[in-house]
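The values are calculated or read from the model by the stated rules, or taken from the named source; none is laboratory data. Every value quoted in this text rests on a predicted model; they were computed, and no experiment measured them. Cβ sites come from the backbone with ideal geometry, for glycine too, and all protein chains shown count toward neighbours.
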Amino acid sequence: MRTLAERLSEVQSKISDAAALAGRDPSTITTIVVSKFHPASLVRELAGLGVRNFGENKHQEASAKALELEAVGLSWHFVGQLQSNKARSVSEYASTIHSLDRESLLRPLEGTGVDVFIQVNLTNDPARGGVAPEKLEGFAERVLATSGIRLLGLMAVAPLGEEPRAAFARVRAASDKLAALEPTATALSIGMSGDFTEAIAEGATHLRIGTAITGNRPPRG
Ligand SMILES: *Cc1c(COP(=O)(O)O)cnc(C)c1O
């Protein structure tokens, strides 16, 4: 069985290879290790291996880990569906929220200084989270009009049953539209364990990788 360090270095070399193939500088790609379900001890071990960016999808679990590991000096990324009554609390420990998808999140985040990605829904299922692509520009205008938050770009999860590269190309097209509204909001949070090489080919700047690095997730709790 491979160790955590071996899995991490294997993923890092695949990222470098995919970047080279796409003619991209790998230092422009931030890898976020999604540590959901895993204990703080695993995060600490990865921090010892040089990982600085971690992703979580539940407020309670994320806040507990961020508090326990406060002295380590990590950046926390919130990647899960977010309730408006928790948004402000999340912004207290998270540097970045990847799942901004509703107007009701804007007021609580106003003035917090948090970085945000707008999540785009690539499926026809509204329960999946994310803004429908045809509503993106209107929502982006509201985000840009909110003071004290910084819009970095777009986040998406490739749907099952679609070739990931084609799905990510749709995000990239949406990103071009967003750039017309805000030329600095060009980051792309796309790519997970099963599709990060395709995401890099389509311009990913932020990868959210869980199991390929952490191994299988234990049952929560
Ligand atoms: C869990 C999760 C990931 C990581 O998934 P893996 O397939 O384990 O890499 C990435 N993004 C989001 C939004 C997630 O919830």
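Data overview
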quantity: Among (1) touching a strand residue (DSSP E or B) at 6+ places or on another chain (Cβ under 9 Å); (2) at pLDDT below 95, the one test that LEU109 misses; calculated: (2)
quantity: Criterion: in a loop (DSSP other than H, G, I, E, B), in contact with an Asp or Glu (Cβ under 9 Å, 6 or more places away or on another chain) and surrounded by fewer than 21 Cβ atoms within 10 Å (Cβ to Cβ) - qualifying residue of THR112, THR184; calculated: THR112
quantity: Residue match in segment 158-175 (condition: aliphatic (A, V, I, L, M), surrounded by 15 or more Cβ atoms within 10 Å (Cβ to Cβ), within 13 Å of the ligand (Cβ to nearest atom) and within 22 Å of ALA19 (Cα to Cα)); calculated: yes
quantity: Pick from segment 193-220, criterion at pLDDT below 95 and within 12 Å of the ligand (Cβ to nearest atom), ranking: surrounded by the most Cβ atoms within 10 Å (Cβ to Cβ); calculated: GLY215
quantity: Checklist (1) assigned to a loop (DSSP other than H, G, I, E, B); (2) closer than 21 Å to ASP176 by Cβ applied to THR146, failing item; calculated: (2)
quantity: Candidates ALA20, ALA66, filtered to the one that is among the aliphatic types (A, V, I, L, M) and without any contact (Cβ under 8 Å) to a residue 12 or more places away in the chain; calculated: ALA20
quantity: Segment 97-110 residues that are under 17 Å from LEU207 (Cα atoms), paired with ones that are among the aromatic types (Phe, Trp, Tyr) and in a strand (DSSP E or B) (beta carbon under 6 Å, 6 or more apart); calculated: ILE97/PHE78; HIS98/PHE117
quantity: Residue within segment 56-67 that is more than 16 Å from the ligand (Cβ to nearest atom) and among the charged types (D, E, K, R) present; calculated: no
quantity: Selection within segment 25-48 - crowded, with 17+ Cβ neighbours inside 10 Å, outside any helix (DSSP H, G or I) and not β-branched (Val, Ile, Thr); calculated: SER35, LYS36, PHE37, HIS38
quantity: Among the residues listed as LEU49, LEU21, LEU74, the single one being under 19 Å from PHE117 (Cβ atoms), of a type in the set (A, V, I, L, M, F, W, C) and more than 16 Å from the ligand (Cβ to nearest atom); calculated: LEU74
quantity: Unmet requirement for ILE118, which otherwise passes all of (1) in contact (Cβ under 8 Å) with a residue 40 or more places away in the chain; (2) within 27 Å of LEU46 (Cα to Cα); calculated: (2)
quantity: Segment 207-221 residues that are at negative phi, paired with ones that are modelled with pLDDT under 95 and within 9 Å of the ligand (Cβ to nearest atom) (beta carbon under 8 Å, 6 or more apart); calculated: GLY210/ARG217; THR211/ARG217
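For (1) in a loop (DSSP other than H, G, I, E, B); (2) touching a Leu at 6+ places or on another chain (Cβ under 8 Å); (3) among the aromatic types (Phe, Trp, Tyr), each residue gets a yes or a no:
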residue: GLU6; (1), (2), (3): no, no, no
residue: ILE15; (1), (2), (3): no, yes, no
residue: ALA19; (1), (2), (3): no, no, no
residue: GLY80; (1), (2), (3): yes, no, no
